[in-house]
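The values are calculated or read from the model by the stated rules, or taken from the named source; none is laboratory data. Worth saying up front: this structure is predicted, and the values here are computed from it rather than measured. Cβ: placed from backbone, ideal geometry, glycine included. Neighbour counts: every protein chain shown. Accessible surface areas use protein heavy atoms only, side chains included; no ligands, DNA or RNA. Shrake-Rupley method; radii C 1.70, N 1.55, O 1.52, S 1.80 Å.
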Amino acid sequence: MHAHARQIFLENMAQTSPNPLALHVVRAEGNYLFDVHGNRYLDLIAGISVCNIGHQHPNVVEAVKAQAEKFMHVMVYGETIQTPQSTYAKRLIEQLPSTLNCCYFVNSGAEAIDGAMKLAKRVTGKTDFLALTDAYHGSTQGPLSLMSNEYYSQAFRPLLPSVHFVKQNDLEALSFIPWNQVSAVVVELIQAERGAQKTEEAFLKALRSLCDQHCTLLVFDEIQTGFGRTGHLFAFEKYGVIPDVLVLGKALGGGMPMGAFIADRKLMNQLSDQPILGHITTFGGHPIVAAAGNAAFDVLLTNQLVETVKSKEALFRSLLQHPKIKAVHGEGLLLAVELESFETVQQTIQQMLAKGLFSDWFLFAPNCLRIAPPLTISLEEIQWACDQILDVLSEL
Ligand code: PMP
């Protein structure tokens with residue numbers, strides 16, 4: 001049965017790498033995945049920072065079922081009143097600073113970044129973008145243009161022209177940017193795929209002030225850092241720097257596909273005029289997806305999960321001590337365990353799998369092991385996971 005399923009997977013589906021992990025998942029619940037052989041795996045990556053409240057939360061499942069029984073897709077985004085969408089938008093906005101008061105839902109993180117890029121061009125009348133080296137903002141051609149890493153982008157050129165790059169936290173480099181041409185700066189507060197590298201407050205403050213001076217939009221990509229992952233509901237709260245556009249994805253949909261860009265209504269209104277329908281999507285904010293996201297957001301807030309993150313981070317940090325661990329980067333439950341090499345990380349992932357732990361690496365930090373579990377992981381589970389990881393490292 002498994003061999004057959006594996007063959008169907010390999011023969012019929014486009015692959016993203018020559019050696020897919022190909023774990024045959026048949027069920028997920030709470031902090032665990034279950035494979036076709038009945039093995040259980042503690043999930044240490046939460047579907048890449050998606051399943052922040054764990055898998056299959058009964059409230060989310062119930063919300064999906066209830067909405068499916070009422071209506072699914074009825075009309076393209078923005079024309080009809082669909083309560084799941086508007087309720088979710090209102091609840092998100094209630095948690096945000098007053099200038100982030102208008103929400104545009106799309107289907108993925110990449111699409112949300114693309115929407116934010118279009119908004120910046122439309123609002124500022126400028127053409128260029130500023131991005132950080134080794135940032136990841138998505139795989140479609142807009143966000144791909146913001147990727148400095150030639151290995152990933154060279155095969156797809158020409159991409160968008162006029163994207164400038166600076167290194168994270170390189171304050172000096174900011175003086176060499178032609179700000180009068182830059183419509184938006186797109187920044188991750190923690191550069192996740194670079195191995196959870198933190199952006200410094202001074203750098204963000206400098207960006208905020210340069211954007212104010214030059215009528216450039218400051219865009220925060222919180223697709224991976226949002227919804228409590230760093231120990232704050234949104235990572236920007238810690239820095240006291242408010243973006244012009246906040247981009248969300250991943251955990252936003254509570255396990256369903258959803259992205260959003262959120263800005264001030266005065267900016268966002270311009271997308272509906274000159275041209276009218278300046279940005280449109282058929283499925284953005286799909287009612288079932290919005291219902292799921294809304295229910296997940298409710299669980300996150302009601303169960304005060306964000307408040308548990310810092311002590312969980314501290315426990316991981318105190319336990320992850322081993323001669324083969326060079327450093328632990330990141331913040332909250334977005335951690336990168338730096339090992340010797342890509343090969344060491346790959347061996348560790350395989351050995352962890354054999355012990356019932358599901359983990360991964362990072363796109364631009366292949367020597368780092370990803371620790372980004374559901375925020376619902378318990379202290380006992382963290383203890384057990386770290387024991388296993390240390391055993392694996394000792395056995396390598
Ligand atoms: N931005 C960041 C920071 C991400 O981590 C990702 C996905 N890994 C994206 C954007 C793109 O999101 P999606 O895969 O939903 O298009």
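So what's the back-of-envelope 222 nm ellipticity for the chain, counting only DSSP H runs of four-plus at -39500 (n - 2.57) apiece and dividing by all residues, rounded to 500?
On the way: 13 runs with 140 residues, N = 396.
Rounded to the nearest 500, it is -10500 deg cm²/dmol.
Straight-line cross-link partners of Lys121 among the lysines, defined as a Cα under 22 Å from its Cα and at least 8 positions apart when in the same chain: Lys266. Computed about its Cα centre, the charge dipole of the chain is approximately 540 debye, with only Lys, Arg, Asp and Glu carrying charge at their Cβ. Computed from Cα atoms, the angle from the helix 309-319 axis to the main principal axis of the chain rounds to 40 degrees. Between the Cα long axis of helix 83-94 and the first principal axis of the chain there is an angle of about 90°, rounded to the nearest 10.
Taking label points 7 Å from Cα along the Cα-to-Cβ direction, Phe71 and Tyr151 give a separation of 4.8 nm.
Each of Cys215 and Leu160 was given a label point 7 Å from its Cα along the Cα-to-Cβ line. The distance between the two points is 1.9 nm. Between 0 and 90 degrees, the angle of helix 109-124 with respect to the longest Cα principal axis of the chain falls at about 20 degrees. Note that the stretch 59-302 presents 41 Å² accessible area per residue, ligands and nucleic acids not counted, probe 1.4 Å. For the stretch 59-302, the residue among Phe129, Val241, Gln67 whose Cα projects farthest onto the positive side of the dipole built from Cβ charges is Gln67.
Just to be sure I understand: if I project the alpha-carbon convex hull of the stretch 232-373 onto a plane and average over all orientations, what area do I get in nm²?
Working: hull surface 47.4 nm².
Over all viewing directions, the stretch 232-373 projects a mean Cα-hull area of 11.8 nm².
Determine the alpha carbon to alpha carbon distance for each of Lys198/Lys250; Lys250/Lys312; Lys324/Lys355; Lys65/Lys118; Lys126/Lys250 and list only those over 23 Å. Before the final figure, lay out each step's value.
Details: Lys198/Lys250 19 Å; Lys250/Lys312 21 Å; Lys324/Lys355 19 Å; Lys65/Lys118 35 Å; Lys126/Lys250 29 Å.
Pairs exceeding 23 Å: Lys65/Lys118; Lys126/Lys250.
Using a cutoff of 8 angstrom between alpha carbon atoms and counting only pairs six or more residues apart, the relative contact order for the chain works out to 23 percent.
Percentage of Cα-Cα pair distances in the chain greater than 40 Å, rounded to whole percent? It works out to 14 percent of all Cα pairs. For His2 and Gln274, the FRET efficiency from 1/(1 + (r/R0)^6), where r spans their Cβ atoms and R0 equals 41 Å, is about 0.15. For the residues Ser148, Ser175, Ser49, a 1.4 Å probe over the protein chains yields an accessible-area ranking, largest first, of Ser175, Ser148, Ser49.
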